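Here's the structure we're looking at; comments come further down.
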Amino acid sequence: MNRVKTILNYGLLALWALLCLYPLFWMIGASVKEPMDVMGTYALFPSGTWHWETYVEVWKNLGFFKYFINSVNVSFWTILLINIFYALAGFAFAKLRFPGKNIVFFGFIGMMFVPVITVLVPLYLIEYYLGFLDTHLGLIFPMVNGAAPLAIFLFRNYFRTIPHSLFESARIEGASILRILGQVYMPLALPAMATITILNFLGSWNSLVLPMVILSTRKLFTLPIAVTLLDTGVFRQWNVLMAGSLISVVPVIVGFTALQKYYIRGLVAGAVKA
Amino acid sequence: MSQRSKIKKQEIVTAYFLLTPALTLFLVVGLFSIVFSIGLSFFRLSSGSLLSSAIFAGIDNFRDFLFGRDQLLTRNFWRALGHNIWISGSMICFVIPLSLSLAMLLQRIGRGVAIFRTVFLIPMVTASVSIYYVWTGIYNARGSLNQFLANIPFLDNLIQANGWLGELNTALPSMIVMIIWSAIPGTLILYFAGLQTIDKNLYEAADIDGGSDFQKLLHITWPMLTPITVIAVVINLNAALQIFEQIWVMTKGGPAGSTMVLNVLIYQEAFVTGAGLGRANAMGWSVFLLTFIMSLISMRLLRDPADR
């Protein structure tokens, strides 16, 4: 009886795993087929030769190398600034006493519910006046700001779990607050940083609507808009579209798989127990 | 000045020093946009025209889409809202139980937890333009779903000749299936993390009292996971009401508005037709208010009975 249960258990998990992987396999299969062979069959992979040259075409001739570098650039700076800005802010909220603390904190957290599509219009206007329109900085700033609620919340909760006596004893010995933060708290915050890095890597890498509004010069485009450029309407070249898609999906899969252990640990510590 | 108040003052100065980068960005990009956008919703201006040409319109923008001052827009707005509500309802009814079941199955097995967990997160990790195109391909008239059905006796009358996203009555359900598929991982991983925090002794005590698996779920697991269910409901509700990219890439709200949702309508109003930035903002904040109220209601409804 127990054996049957175990097999059933694994069976159900395997079924769901298959459903999770199917679109990914579909993507890989379609990218190496002849363009005419993608539709009209449910065979995942090409029956004849695998056309890897589609990738060369997309990477070199269609400029995906450039778009890839753009995406790396935007994600890198976004993640770096998020970790610096909100570790500092999270520390202030967790360990220091100052007037206006609650108002400022809930001001940040309240942004979580702000409808992104709606503030795009004023964002566009501000960036126009500040000269950030159609630059990577114009993408990075709103992305960093959008990450504030969750990042501040997670850093603050994480810093709170570190015993306060550590802070007090360092203070009594005459260490400045900034030194305590840099030498004691920052090194301890690495797991929180890993969680925040993963979440925002996903968010910034996959973002479509923000670059759609902010960027207009083709050579500045990030991967998601570049993929939409490959969509030629009714007569889609599925192999090209899917090769571009796979190029934009692989980095997040690799990055996430490598760091997911920290992500789950961070969730348990930061969100579930809080 | 006493030593004590000097230390206190130093702490305040340091705190605001640490908050400076975050606050600067918040004031320029965040707060300004929010205030500006709320303000805009009471003005009339089209996207081509300058800000200086804005005319104060009172609540006319809201009357345009809520009470039929602009009949077509009102009809589209309520229809889109209906679709968003369908999506929210389906997400909560399917994502929560499916995620919990999968998390419990995953918790029970000894070997292979890590590999299953990695695979289960793929729909969340890849949720982007790329995967939306894959689903467009699967749902295509000659796509793999139709091809698959064609090969199964009695199921071939399910084939959608114009593709699953091309028929009025299958487009929205097809979108919802895809949305649920990509929403499960986030909730699943929350439940999985939550299950690990439940004290094993509780289950052992239930075993001694002869409790069945179902009773354990009902009286231990479910109540212990209530805080996570609250988070999951709020997150999924918010996601359903803010849905945009999937629809924009896959159907643009079509065919004939059958998958139109609020954010696509707002985006079109603001950036595509340019019919009215003011109206777009007014609609956006109405959606915000709705999301906020629904989140509060679900938090109250699901609150731990012990706290009530």
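From most to least packed by mean Cβ count within 10 Å, the peptides A:234-245, A:57-68 give A:234-245, A:57-68.
Here the range B:199-308 is assigned +1 on the Cβ of each Lys and Arg and -1 on the Cβ of each Asp and Glu. Its dipole about the Cα centre then comes out at about 560 debye.
Counting only protein heavy atoms and a probe of 1.4 Å, the accessible surface of the protein assembly as shown is 67% carbon and sulfur. Name the residue farthest towards the positive end of the dipole of chain B from the options B:Ile231, B:Asn61, B:Gln196, assuming +1 on Cβ of Lys and Arg, -1 on Cβ of Asp and Glu, about the Cα centre. Sorting the options by dipole projection puts first B:Asn61. In units of the rule-of-thumb radius 2.2 N^0.38 Å, the range B:125-272 shows an alpha carbon radius of gyration of 1.41. For B:Ile297 and A:Ile172, a Förster radius of 41 Å and the Cβ-Cβ distance give a FRET efficiency of 0.25, rounded to the nearest 0.05. Computed about its Cα centre, the charge dipole of the range B:15-101 is approximately 160 debye, with only Lys, Arg, Asp and Glu carrying charge at their Cβ. A viscosity of 0.890 mPa s and a temperature of 25 °C, combined with the Kirkwood radius over C-alpha pairs in the Stokes-Einstein formula, give chain A a diffusion coefficient of 112 µm²/s. Taking amide H positions as modeled 1.01 Å from N, with prolines and chain starts lacking one, no residue 5 or more places away or on another chain lies under 5 Å from B:Ile243.
Tell me the relative contact order for chain A as a rounded percent, counting alpha carbon contacts under 8 Å between residues six or more apart. For chain A, the relative contact order is 30 percent.
Here the Debye sum runs over all C-alpha atoms of chain B as equal scatterers in vacuum, and log10 of I(q)/I(0) at q = 0.14 Å⁻¹ comes out as -1.18. Here's the thing: no aspartates and glutamates lie within a cross-link span of B:Lys200, going by alpha-carbon distance under 12 Å and ignoring same-chain residues fewer than 8 apart. Distance between the pseudo-spin-label points of B:Thr74 and A:Val56 (7 Å out from Cα toward the beta carbon): 6.2 nm.
The residue list A:Ala192, B:Leu100, A:Leu181 was ranked by how far each Cα lies along the charge dipole of the protein assembly as shown toward its positive end, using unit charges on Cβ atoms, and A:Leu181 comes out on top. Other protein chain C-beta atoms within 10 Å of residue C-beta, averaged over A:33-41: 3.
What whole number of Å gives the distance from the Cα centroid of the range A:6-76 to the Cα centroid of the range B:211-231? After rounding, the separation between the Cα centres reads 39 Å.
For the range B:62-307, a crude dipole built from +1 on the beta carbon of Lys and Arg and -1 on the beta carbon of Asp and Glu, taken about the Cα centre, is about 480 debye to the nearest 20. The residues of the protein assembly as shown expose on average 47 square angstrom of accessible surface per residue, using a 1.4 Å probe on protein heavy atoms.
The alpha-carbon of B:Lys9 sits under 29 angstrom from the alpha-carbons of these lysines, leaving out residues fewer than 8 places away in its chain: A:Lys95, A:Lys101. Of the DSSP H helices in chain B, those that are both long (alpha-carbon extent of 30 Å or more along the helix axis) and hydrophobic (Kyte-Doolittle mean at least 0.0) are B:3-25, B:171-195, B:277-301.
Each Cα pair under 8 Å and six or more residues apart adds its separation to the average, and for chain B the resulting relative contact order is 27 percent. Checking the a/c ratio against 1.5 first, then a/b against b/c, what shape does the Cα gyration tensor give for the range A:48-129? Verdict is prolate for the range A:48-129.
The range B:4-30 and the range B:270-291 have Cα centres separated by 34 Å. Give the shape of the range B:216-307 as rounded, prolate or oblate, defined through the alpha-carbon gyration tensor: a ≥ b ≥ c are the square roots of its eigenvalues, a/c under 1.5 means rounded, and otherwise the shape is prolate if a/b is larger than b/c and oblate if not. Because a/c hits 1.5 or more and a/b exceeds b/c, the range B:216-307 counts as prolate. Straight-distance candidates among the aspartates and glutamates for linking to B:Lys252, with alpha-carbon spacing under 15 Å and chain neighbours fewer than 8 residues away dropped: A:Asp231, B:Glu167, B:Glu269.
Close amide H pairs (under 5 Å, H built 1.01 Å from N) link B:Phe43 with B:Ala57, residues at least 5 positions away or on another chain. For the range A:239-247, 3J(HN,Hα) computed residue by residue from phi via the Karplus equation (6.51, -1.76, 1.60; θ = phi - 60°) reads 5, 5, 4, 6, 5, x, 4, 5, 4 Hz, glycine and proline entered as x. Look at the stretch B:218-231: the mean tally of other chain Cβ atoms within 10 Å of its residues' Cβ atoms is 1. Over the Cα atoms of the protein assembly as shown, each weighted equally, I'd like the Debye log10 I(q)/I(0) at q = 0.09, 0.12 Å⁻¹, rounded to two decimals. Treating every Cα as an identical point scatterer, log10 I(q)/I(0) equals -0.78, -1.37. Couplings for the range A:183-196, taken from phi via the Karplus curve 6.51 cos²θ - 1.76 cosθ + 1.60 with θ = phi - 60°, read 9, 9, 7, 4, x, 6, 8, 3, x, 4, 4, 4, 4, 5 Hz in order; Gly and Pro are left as x. Estimated from the Cβ-Cβ distance and a Förster radius of 56 angstrom, the FRET efficiency linking A:His164 and A:Leu19 is about 0.75. Per residue of peptide B:33-43, the mean number of Cβ atoms on other chains within 10 Å of the residue Cβ is 4. Under a 5 Å amide H cut-off, with hydrogens placed 1.01 Å from N, B:Gly276 pairs with B:Ser47 among residues at least 5 apart or on other chains.
The values are calculated or read from the model by the stated rules, or taken from the named source; none is laboratory data. Everything numeric in this text was worked out from a predicted model, so none of it was measured. With ideal geometry, Cβ positions are generated from the backbone for all residues, glycine too; neighbour counts draw on all protein chains shown. For accessibility, only protein heavy atoms count, side chains too; no ligands or nucleic acids. Shrake-Rupley method; radii C 1.70, N 1.55, O 1.52, S 1.80 Å.
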